[in-house]
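The values are calculated or read from the model by the stated rules, or taken from the named source; none is laboratory data. Source: prediction; values computed, not measured. Cβ placement follows ideal geometry from the backbone for every residue including glycine, while neighbour counts extend to all protein chains displayed.
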């Protein structure tokens with residue numbers, strides 16, 4: 001295995017190519033994988049793990065000096081880390097540590113990252129089997145096009161041919177789903193299914209290929225919430241075809257019942273079999289997101305999902321503010337931690353009632369229970385959604401609230417709460433990056449308010465000037481205000497003009513639906529029906545969650 005000309009490489013890269021610190025196979029290993037790169041070169045890692053940290057690591061490669069440099073550096077980056085953290089090492093991390101590296105050799109860093117991740121996944125699969133959990137059926141396919149020899153690709157000891165074929169079929173189906181999010185609650189009746197529906201609808205509306213799976217086998221409510229009670233499931237060449245509404249793929253046991261009043265009286269094994277069918281036999285196709293609405297508690301259904309679905313990308317936990325419901329958040333968080341599911345955050349639903357006439361928020365239930373327990377358990381608190389009669393109205397009418405009442409203040413709050421899921425990114429084809437803090441808490445938010453005599457004017461498109469208000473949403477504090485003259489009145493000009501000024505939210509008296517769509521295309525949210533008040537006051541009540549919208553006074 002010759003070493004290429006290392007001229008132009010950094011000293012670190014040359015050192016790792018000529019004198020790799022980690023080479024050869026460990027005598028005792030706990031994780032192993034071999035991955036083939038696009039140029040036919042292979043890389044193989046062995047891991048030794050103690051106390052969930054990589055105690056020792058070795059690798060071999062039949063590639064060039066660049067492969068040796070990248071493989072050695074990746075091993076150095078992984079040693080001493082938790083296995084999950086080592087699996088998160090990316091191509092860019094390796095290249096940054098190596099320093100100067102030719103573009104034509106950068107694929108070697110990708111091969112090293114994919115190989116290391118595959119070995120980590122193999123260890124995690126072995127560990128899960130040893131404690132009785134289902135294998136993590138991830139083949140770790142990366143942009144290199146290689147596939148690790150993980151447990152998903154091999155027939156397990158004592159496994160029948162039939163079970164092996166079914167397990168491979170399940171893996172093949174799940175490998176086409178990039179991200180899987182489960183929605184949990186400790187108790188029933190907290191609005192968990194409503195959150196799951198609106199999360200899935202918002203993802204689909206944003207342009208993501210999205211599926212919604214209802215695994216509440218005894219009380220499926222998704223068909224009712226989406227107005228799909230009469231929907232039936234058809235079979236296709238690739239399996240059962242999920243029902244579709246507005247581009248969202250949906251599957252529920254409710255679609256398979258002859259009578260909606262029929263009771264599903266099943267024990268654990270039957271539930272496990274049904275959920276397996278939902279994953280294995282439903283032709284989901286290629287999805288960016290699969291949202292899984294689980295029944296309350298930590299019983300058979302959520303456990304079956306976690307065992308069958310492989311690694312979940314995160315969990316959203318829903319509660320109401322009173323103590324009797326919020327204390328069960330602890331159980332849901334503990335459930336996630338024991339099964340190594342990242343907790344995206346806690347949502348406190350039905351948090352106060354906002355009067356539709358005066359806007360005053362009345363705390364009908366004791367407030368803040370969800371926030372306090374989230375802080376106590378060191379998980380993100382995503383926010384609080386007030387009681388809004390329009391939510392109940394949308395659910396009863398079979399319409400997603402975020403679709404039917406998109407401009408309402410409550411809808412704006414709900415969008416900010418689920419934003420961390422929208423910020424779940426997959427990098428380099430297989431790296432999961434979860435931002436558990438809302439972007440509005442990380443950076444200032446800019447508001448635009450059309451002005452007349454220092455207050456909001458009802459005539460948005462014909463105002464003489466705009467107030468641009470920057471606010472710190474985490475501190476609920478206004479940072480600065482700048483008034484600027486409006487551009488010439490030309491059709492379609494304002495959305496682009498305000499986007500160029502960094503506007504994220506418009507507070508207006510009224511606006512036509514076509515104009516609202518143009519602003520949405522620029523990723524600018526629009527609130528209509530706001531009162532004629534000062535910009536500072538309007539932004540302050542928005543930050544406080546008490547901005548109430550009235551009639552869209554300029555809908556043309």
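Descriptive notes on the structure:
- When residues of segment 489-531 are limited to those that are under 28 Å from the mean Cα position of the chain (by Cα), modelled with pLDDT under 80 and at negative phi, the one surrounded by the most Cβ atoms within 10 Å (Cβ to Cβ): 516
- Residue count for segment 532-545 under the criterion of being under 28 Å from the mean Cα position of the chain (by Cα) and at pLDDT 80 or above: the result is 1.
- Of 80, 71, all but one fail to be at pLDDT 80 or above and outside any helix (DSSP H, G or I); the exception is 80.
- Highlighted here are the helices (runs of 4 or more DSSP H) found entirely within segment 338-444 that include at least 2 residues which are within 14 Å of the chain's Cα centre (by Cα), at pLDDT below 85 and surrounded by 19 or more Cβ atoms within 10 Å (Cβ to Cβ): 409-422.
- Any strands (runs of 3 or more DSSP E) falling wholly within segment 147-266 and containing at least 1 residues that are surrounded by fewer than 17 Cβ atoms within 10 Å (Cβ to Cβ) and modelled with pLDDT of 80 or more: 234-236, 239-241, 243-245
- Taking the criterion of being closer than 26 Å to residue 352 by Cβ and in a strand (DSSP E or B), the residues of segment 292-321 that qualify are 293, 315, 316, 317, 318, 319.
- Leading residue by the ranking (farthest from residue 111 (Cα to Cα)) among those in segment 51-90 that are touching a residue at least 40 places away in the same chain (Cβ under 8 Å) and out of contact with any strand residue (DSSP E or B) (no Cβ under 9 Å at 6 or more places or on another chain): 84
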